[in-house]
Structure formats: structure tokens, C-alpha cells
């Protein structure tokens, strides 16, 4: 567009503004017959050379006309004073000074962009004049620090959650922001970075492009991105620069199916400003933009605006309404409501106390008396406008929801929405959105079909290995005495380095199982002479320094290393264990018969022998003549005895088997059973040279002087054989995989002893947040659970079963816990028999127990009855079958009374010889009396 045409457009707009002022003046005169109209000067500072400025001004003027057409009863009228900022911060500030000092405007709408707003906001804050911008979206402009700044647009930081939700939905682990180097671009990046970090997505690089960058400079920056693995780019800039960026991206091949492009609303909200050639280069790009509900009122206004704008600007074609124009329209409505609420009875400015010779205009403009009241009125404004709900909380328009769009063909299609309460949703349900009845979701299934760059329907994985001939540099450790985990040799025939080993085979198997090809090469971590270049900590740190892209080897996953790098899932058993010599401990002493049972079991068995004997004595006492015939006659006693014999039989069998094992089977026992024994005796212990195990032993309480390093398995075997007293060690500590490998050779002489001290196991090392590391980690699980892992273990570590058969470690002595069930049965049987006996005894003497006697209490009667227990029960079958003989008396039982035969009878003949005239003396034990009875047979 020529300078002459631009001048004509500006002149036309000024004429329009002047005409509106005349219209308002005449309107005031007409209404003045009934009421007084109060004109209120309002400033408008926009860049009238840009499309956003032109659309904004046309929407502002239409809003003034529409508002007062429907609010004719208002006493105030906004009088617009338009200034052209000419896309220059100094010009914008000069225009604001002019409006405040010379026109005494009560508020200013504008400036247009964030770069122009910074200084204007400070001027408004000093003069207490509200500055209301509908298009300055940078978070660097704060309403908290400058209370007279109002952002009638959504803050750029409001959209970062919507963008991070998309990244999280597809599981992309890295993303690179590409943004313009000015207040607009720099303001949102900290918020975007924080949002990505919250979902564990790393920002490995920030691509900054100058607003005045040439096409070659843009291409140079894009080529730098091509060399990186990351393929997810978030573009934050205006359409003028963004169009050039995408044209160059397509030109150098960055719009293919491996790439992901996401645009912020800086471009997405202004897509109608993008030229068709640039639009074609943006195929498959995603974007987010504020969602505006389509209403009948909005559609009617859009048709009216297009007709009016194109009539006034016939030389401007294909210019369409955007969100900034709607915010400009609603800004006028909000300001008009606030002005009417204030009333402006006293709206003059207080002049500054400055001399007439002030060097700058900043020292001479006054302060608005009505400013604080107008500011509060703006904060209280709340209505539904063309853009949706319009409410300035803390001076900022609140974000509602965002729409995700996909550029396909000649247009865009919506693929989903994002709300703060619901996350990603496919079909927007306003009721659920407002009530938050739906759960927050970041599922990609809630998005519609997306056409990605390269016209692919499959989501890109978000990263690639650069195809410029570069291979992944995988570092491997170099040990002076290599184990079977990593072996680095040199092939003399080809003069090349050969890397083999258990860990290397596992790494190769994992990389081969990936769903895509990754070229890589092993690079030994060695000095020029071939010796090791450092410890495993140093090797891991090389990944952090970007000297290696990964590390494959027997690298243990520990906390201090994970501060700088990421580990995959472990591919070996985790933990540090102790290994000690074993010896044959077959007992050959005279007290070996005590060892099959623990002391507790011996004591428990003895106590039960005493208890069972006591129970049987209680049950047999009244019916057995002191066990003279060694015969148990009471049925309850027999029951108890049978149960106890069962228990004793099992104990005897177990004892016999354990004793036979002690006397005949080889008993290989560890010489040291616990770490506490080593600490107590002050024994020397071994650890692998240069290992983190040294620090672990110090934490366990070992004196550093008692720690001896070994360099190889042969060295370890020699030290263990020598023993602690002869310059060797009593035990050694190392990780389980190493100890298992050691035992494949020396399993007949040494064994591992619990407990195991937990570590992370062996894992592969990748940079922090590496997407390749995440894929490899998942594949490690797949490989370790398959048959391939068993083949690798058998090839390098051997068959563990062949070793385990040759070392038989005896079990411990039999303990109480192995027989507590038997003792419980015996105890319950005994108690049951005792309870039954007592109940029957009390039942037999119930008459005596319950017989009323005023001279004897119940407890005395109970004691008297219990004394009867010591008497023999002559009613039992034992005494009835065999009778009773002593030198002087014959005793029988009759109805609970003791009957004593006279001495004159010849008892030698037995009871059958008693005559009819035998004299009987009957002793009644209850009353303590005796009576004579000369009864007949």
C-alpha cells in the first residue's frame, strides 16, 4: 500500500471521528430540551496503519453509536479523541501525553500492542487516567503493579495450560518454543516453560527470532533446530513474522510427518491476516485461540461491520473480523457504563505544582480527580458482550475457554476445546463446563481427527534421531579388570574397538526391539592410552555434559546420579549383598543331641511334659490307687494321654530326622551370619575399588581403616581365602549381579548372606527428559520379561542351578513356631478334660453344695466339697470290680457313706463270707457322726 493511500485512509478516519463529534454535539442539542447531556472526553491511541488498528477503531466507533442508540436515557456521552501511534512506542507515549495534558481525557483506549503500552501505562498511572487496552496481551504488563491499567483482552499466560494439555495428551517429552524477541514474545515464555515442566516435559532449547530478522537469519535458526532430536515446536509471534517462519520451514523440509507445530493465539486469532502462500505452508499445524460463542447478535454485528468497513475502505479487501475487534467493541460498552455510573459532576484535573519553565511535559500535566472512582466503576462492570462474558477481575479480562484448531486445506477445523475445569473435551457442553461436573481430562481421544504435517493421520512421536549421518554416541565403561558385563577389546586385524558383554547384549536387544531404527555406536570412556578415563559417576556425568548421548553398561541407578541424568528401568536384580566363606559345620561334640531343637522348643516340651503329667494325676487321683499297676483308668485321662502321645510321636520323628542330618549330611554354613558380627569383632571387609559401596559401608558404621578394596574377582577370592587376620577380609560387599557372577566360579567356597541393602540395579543412562530414554525404558521391561533375556543370562552368567546343587546350606534347628499347633491341641485337650472333670465332680456333690445350712456359708460348703477330692471314689468301676483289702478293715462305698467292717469278721474269705449278723459302723462324713448297724445280708 502506498504512502498516499495510507494518508487517505488516515484522513478518512479523522473525518469520521470529526463527523461523530458533530453528531454527538447535535444530539446533545436535541436532547437538551429535556435533559443535559455531559460529553466525556475519551482518548483512543491506535496504530492506524495496521489491520488490527483499523478494525479496532471501526469497532469502537460502531460500539459508541450502538450503545447510545439503546441507552438514550444516559446523561453522559463518550467523546472520542483519536491519535495515531504509527507503530512507535515514542509516538504512542507522545499521543497519550497530549490527550491527558491538553484534552484532559478521562480514559484512554489503547495502545494497540505490548511494546507501545509499557510507557503509556506509567503515564496513565501517574495521571490517574485508566488505560484500557484490548490487544496488549503480554504478561509483562501487570495490572497489579500499575492499578490504572486495564487489559480488556485475555492474558497470553492463560493459554499455556491449553497448550501443555495437548502436549501431555500425546506424551511428548520435549518441546521447543519459537518466539519473537520483544515484550510480546518474551512475556509468555516463563509461564509456558513452567506449564510444560508441570507435566514433565523438558524444554531443551529456546529459539529466539528478532522481529527484524531476515529470511536467511530465520533459515539459519531453523537449520539449528533440524540438528536436534526434538520435533515439537510451539510458535509464539504475530502473523507477519509467523508467515515468513512457516514459509522457510516448508522450504527446508520441516513440515513433514515427523514434526509437530503448535501456534499460540498470537497467530491463530489472526489467521485472516496470513497470506495464502504462507497459509499453504502451514498444513497440519495445530493452534489454540480464545473461544467465542456464536450468537445471533454476533452474526448480525459481523454482517453490519463488513458492510460498513468495506464501504469506508474500498481499497482493503478480504479483511475479516477478529477477536480483538470484538474486545474493542465490548471495551466501549464497559467504559460507557462506568462513565454513566460515575456521573462526572466534578471531572476537572488538578494541575501539577510545576514551574512554567518545566523542561518536559511529564512535569506539567495534572491528575484526574475522578480517576479513582472511574477505576472502581470499571472493576465493577459485568455484562455479556459480543465476545462473551466481560468482567475485569484485578484489571484483567478473565479467560474462559480455548478452542483447538487444525489447519487443513484452505481453512481450519475445530478438533476440540480446553477449559480450566474439564481439560480437553471434544464437544463443548456449556452446562458441564460451568458446573465442573466433568472430570479433568487430557486424553487425546477427546480430540477429533487431526491431519498432521505431511498429511499424516498418525500422531508424531515428537522426536527423531537426526538423519545427517550422525549416530547416537553411546558411552561404555572401561575397566582394568573387566567383568562379563562389559568387555572392551581391540581387534588387531581391523584395528577397531570391539565392545561385548552381558550389558551390551541387553542394550543391543532393547534397541533392536524399538519400533523404529536408531543408529548408534559404542564409544569407550577411555584415555588415549586405553585406560579408564574416570569412575562411573564421571561416565554418567558425560551425558549431562552432552559428550555422550547415552551410556550402556553396568551402571548402578543411585540417587546422586539421577540428579543429572535419567535412567531406564533396571535390567538386573537390584541390591547390595554380603558374601562370606562357608565351612562344613557337622557337629562332632558330645552335646550334638541338643542341637536338633532350639532352646525354646526344649523348654516348651519339658513344660508340657510336666503339665500333661499333672493333668493326668488330677484325673486319676480319686480312681487309681497311686498308679500301682501303672494303668490309666479314667477316660478323660486316657483322652489327654492319647493326644499327648500323638504330639510326642511327631516331635520324636522330627528330632530323629534333624539329628541324623546333623550327624551325616554336609552342613555348609556361612562363617559370618550378620553384619553386626563384623562390626562387633572389628573384622576387615572388602569392597570393589572405586564403587559407591564404599560410601554405603561408611554409613553402615564400618571404620574406614577396616575397609579393603579389591580390583578383580581373583583378588577378592584371594582376600577371602586369607581371612581378616592374615591381610585379607572376612566378608565382601558388592551388588547382587556381581556376586552371582562371582559364585558361578566359587560357589563351593562362598555364599551370599542376607539381608540385601536396596539399590536401583543396573540401568542405561540418557539425558534428563530424553524421549528416547522413555521409549528404551519401556522396551527394557519387554525384553527382560521375554526369552531373549534368559538366553543372554545363560550365555554370559551361566546356569545358576548347577551351582546351587553343589552347596547345601542346612536349615536352622527346629523351633517352637514349627509345632505351636500341636502344643495348642494338647493344651486345649488337657484344659477341656480338666473342665469336664470339675463339672462332673461338682454335679455329684451338688446336694452337699446346695444344702441349706445357716451355720455354714456357700463358700465353706464349696471348700468342704473340694476336700472330698482327696478321698477315693469307691463308686468307680475300679474299686467295684476288685474290692479293697488291708490288715484291719474292709472298706466299701454305700450312698456316699464310708462303711467299715468289724475286726471280728474273717475278711480273709472275702466279701462273700460275711454273715447276716455282721456288725457295720457307718461313718457319715457330712455330719462327722458314726452309727452302728447290725443289718442282714
Could you let me know the centre-to-centre spacing of the range 54-95 and the range 293-335, using Cα atoms, in angstrom? 14 Å
Sorted by packing (mean other beta-carbon atoms within 10 Å per residue), highest first, where do 551-558, 676-683 land? 551-558, 676-683
Would you please put 516-523, 78-85, 313-320 in order of how densely packed they are, using the mean number of other Cβ atoms within 10 angstrom per residue and starting with the highest? 78-85, 516-523, 313-320
Listing 221, 573 by rising number of other beta-carbon atoms within 10 angstrom, fewest first, gives 573, 221
What list do you get for 418, 617 if you sort them by fewest beta carbons within 10 Å? 617, 418
Spin-label point model (7 Å from Cα, Cβ direction): what's the residue 481 to residue 515 distance in nm? 4.6 nm
Show me 537-543, 856-862 ranked by packing, highest mean number of other Cβ atoms within 10 Å first. 537-543, 856-862
Gap separating the Cα centres of the range 505-537 and the range 374-420, nearest whole Å: 52 Å
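Every read-out reported here was derived from the displayed coordinates using simple, explicitly stated rules and does not represent laboratory data. Computed from a prediction, not measured in an experiment: that's the story for all the values here. All Cβ positions, even for glycine, are placed from backbone atoms using ideal geometry, and neighbour counts span all protein chains on display.
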